[in-house]
Amino acid sequence: MMDAFSLPDFNELPQLIASRSKDDVLRALHGSHLSVSDLAALVSPVAEAYLPEMATKAQAITQQRFGRVIQIYAPLYLSNYCTNRCLYCGFSAENQIQRRCLTLEEVEDEANTLKQRGVNHLLLVSGEAPKKMGVDFIEQVALRLKDRFASLSIEVQPLTEAEYTRLFASGITSVAVYQETYDPALYQRMHLAGKKSDYAYRLETPARAAASGMREVGIGALLGLGDWRAEGLALGLHLAWLRKHFWRTGLTVSFPRIRPAEGGFQALVPISERNLTQLIFALRLFDHNVGLLLSTREEARYRNGMVGLGPTRYSAGSCTAPGGYAHEDQSAEQFAVDDHRSIAEVCAAIQGQGFDPVRKDWDSCFQEF
Amino acid sequence: MKIIVNGEEKEAQSALSVSEYVTALGFDPETVVVELDGQILNRVDYADRRLTEGCELELIRFIGGG
Amino acid sequence: MLTIAGKTFSSRLFTGTGKFASAEVMRQALLASGSEMVTVALRRIDLNDPEDDIMQVLDRTKFFFLPNTAGARNASEAVRLARLSRASGGGNWVKLEVTPDPRTLLPDPVDTLLAADELVKDGFVVLPYINADPILALRLQDVGVAAVMPLAAPIGTNRGLVTRYQIEIIIAQAQVPVVVDAGLGAPSHAALAMEMGADAVLVNTAIAVAGDPVRMANAFRLGVTAGREAFLAGLGAASDQASASTPQAGLDFIR
């Protein structure tokens, strides 16, 4: 029986970070197997002065491990119904937005549109409203789409291991679930009602997904909620734990940064692009093999500049409202996108940087379900 | 009677117990591991198990090794 | 303190008992090494030589026994040796060695995994001797071994940490103690293994065939201690680059 992942007292993390010195940063910069305290040094304020050196190293590691490529994917929002009341989210049950749950036919429509635009890796997203859209529906979607797409991922409410096993059998191979904040106190304040208010259950979700046999599990924190340095360190701890306990599972980290949304939520602790960059570099140095995702929340200028320096996957041409691809946007978005380029434009820009935009990596027919 | 010990044919008095036979060979039963007819014997049973005609004894003990 | 399967050790140097010129030299060398766990093997008694008995010099109150399955060429031979050892009062710990090639004495990965699985289910505390294969180490941990023992170099070659980079990976991924075993020819090798983060080392040949085995045993003791201290102190990392340079694109794009 495996023990569940648990964080040390979250309040100790800022202290660890603050205690790191310049020497600690230098040691972390030059080490090859970084420890948690090395990561703490790299996310610390002291490390800010070393951003160019971190960039050089992150660049070397990323290109050696992943090559000069960026994988392309797109989100497909299945539904924006949600029973949770997360203070920061456009889909919160509190918000008066036009709600929509796609039918299977509408999902296929959306998927085909994306396929024609060159997308082969789909991320199926929904709010949490199992009565409106439960595991049965996701299973149906998967069965319909799996032969047309190289891979299907989901970013939906936390499920049980048995449910993940069922979805794996139907064609889902990857699960993303973000803790939003690893600070339990802040978590309670942000998640007022609904099943999402259960911090521990959410925290254990990546392990359940991995145990079910998913090829890949993605974690992340919503940057701008809490102290990004402490969240980054917590992410590193979570990542290292998952590596140790699920050595067969691919791991990725995402960096959603709070953007304007219906409900007017502003970031509690602003995190600048420079901060985000430092966090990405720090995690790349900490774990040479983790996939790093940058979504269209970030601007084109920034995403262009970051090619080759750490991130390995970019979403492109994204619409965060259900039904928004095939037809004009009729329902509300989860968050405002800041990179409005089409998939073709994103790919061209990546090529402009001397990199290969990979629209298809893997084939569902290789997967043994 | 004839028995086989460590692959070699040997003569033994009938109805000897394992521990008696081992001692007669010059070994301390406490330091010897015994397999009788392919079955590993527990040391506590050495005094009770008797040799039979044609039985196969393996006498093993710890030696230096890495 | 090192803990393996709930048992603690103050010394991180384990020693083998083979190849010594005499039982007395072995006894003195083991004492000088400070080792608390020694490996022993099982062999058919030489019916013509009752006196040749290692047990007469090995005080089991001072040294914890780790019987090995040396000589086993496949899983079932190894399992049989382990059971013989346990039945003889050798305890339920076993260093699992499956070595079908007598020339190199390299361990068979497939039969090692099979035997480990069977022995763990049968209640043994299994410490498998393996090539420095990180995936094999993970597979063995999945079946429940108490430690892994990757080789630095083939037994008796004294070549040191030939498998260094793989051992680094094994150490980074390990959920059980890592004991570097075989091929350590000098105290500096043992020190390096400890600096890399190994939990312990096992040394036999280098001590047994040294000019002065007792002195060499002490040297290894010092080397292991030095390496462990350095690891705990936190080594400053060497840098491959003389100085960091700004990446081509620069970071001016960041707002």
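Contact annotation: residue pairs with Cβ atoms under 7 Å, 6 or more positions apart or on different chains, pairing a residue in the range A:9-21 that is touching a residue at least 60 places away in the same chain (Cβ under 8 Å) with a partner that is surrounded by 12 or more Cβ atoms within 10 Å (Cβ to Cβ) and among the hydroxyl-bearing types (S, T, Y), are A:F10/A:Y182; A:L16/A:S37; A:I17/A:S44. Every listed requirement among (1) part of a loop (DSSP other than H, G, I, E, B); (2) of a type in the set (D, E, K, R); (3) over 16 Å from the mean Cα position of the chain (by Cα) is met by A:E345 save one, (1). Scanning the range C:220-245 for residues that are more than 8 Å from chain A (Cβ to nearest Cβ), under 26 Å from the mean Cα position of the chain (by Cα) and at pLDDT below 90 yields C:A233, C:L235.
The numbered conditions (1) within 28 Å of A:K131 (Cβ to Cβ); (2) crowded, with 20+ Cβ neighbours inside 10 Å are all true for A:L235 except (1). Of all the criteria given as (1) in contact (Cβ under 8 Å) with a residue 40 or more places away in the chain; (2) basic (K, R); (3) touching a Gly at 6+ places or on another chain (Cβ under 7 Å); (4) facing chain C (nearest Cβ under 9 Å), the one not satisfied by A:K57 is (3). Among the residues making up the range C:134-155, those that are within 13 Å of the chain's Cα centre (by Cα) and not aliphatic (A, V, I, L, M) are C:P150, C:P154.
Report yes if some residue within the range C:109-116 is closer than 30 Å to C:A210 by Cα and either aliphatic (A, V, I, L, M) or in a loop (DSSP other than H, G, I, E, B) (or both); otherwise report no. No, the conditions are met nowhere in the range C:109-116.
Of the residues that sit in the range B:48-66 and are of a type outside the set (S, T, Y), assigned to a loop (DSSP other than H, G, I, E, B) and more than 30 Å from C:M37 (Cα to Cα), which one is nearest to the other protein chains (Cβ to nearest Cβ)? Once the filter is applied, the top-ranked residue is B:R49.
Of the set (1) farther than 24 Å from C:A115 by Cα; (2) among the aliphatic types (A, V, I, L, M); (3) surrounded by fewer than 21 Cβ atoms within 10 Å (Cβ to Cβ), all apply to C:L184 but (3).
When the residues of the range C:6-32 are filtered to those that are more than 15 Å from the chain's Cα centre (by Cα) and away from chain B (no Cβ under 13 Å), the one that is surrounded by the most Cβ atoms within 10 Å (Cβ to Cβ) is C:A32. Scoring A:A40 on the criteria (1) assigned to a helix (DSSP H, G or I); (2) closer than 30 Å to A:Q353 by Cβ leaves a single failure, condition (2). A residue that is among the β-branched types (V, I, T), within 11 Å of another protein chain (Cβ to nearest Cβ) and surrounded by 22 or more Cβ atoms within 10 Å (Cβ to Cβ) occurs nowhere in the range C:129-143. Within this structure, C:D122 fails the test of being within 17 Å of the chain's Cα centre (by Cα) and surrounded by fewer than 24 Cβ atoms within 10 Å (Cβ to Cβ).
The values are calculated or read from the model by the stated rules, or taken from the named source; none is laboratory data. Treat the numbers as computed from the prediction; the structure is a model and nothing was measured. Methodologically, a virtual Cβ is constructed for each residue, glycine included, from the backbone with ideal geometry; neighbour enumeration extends over all protein chains shown.
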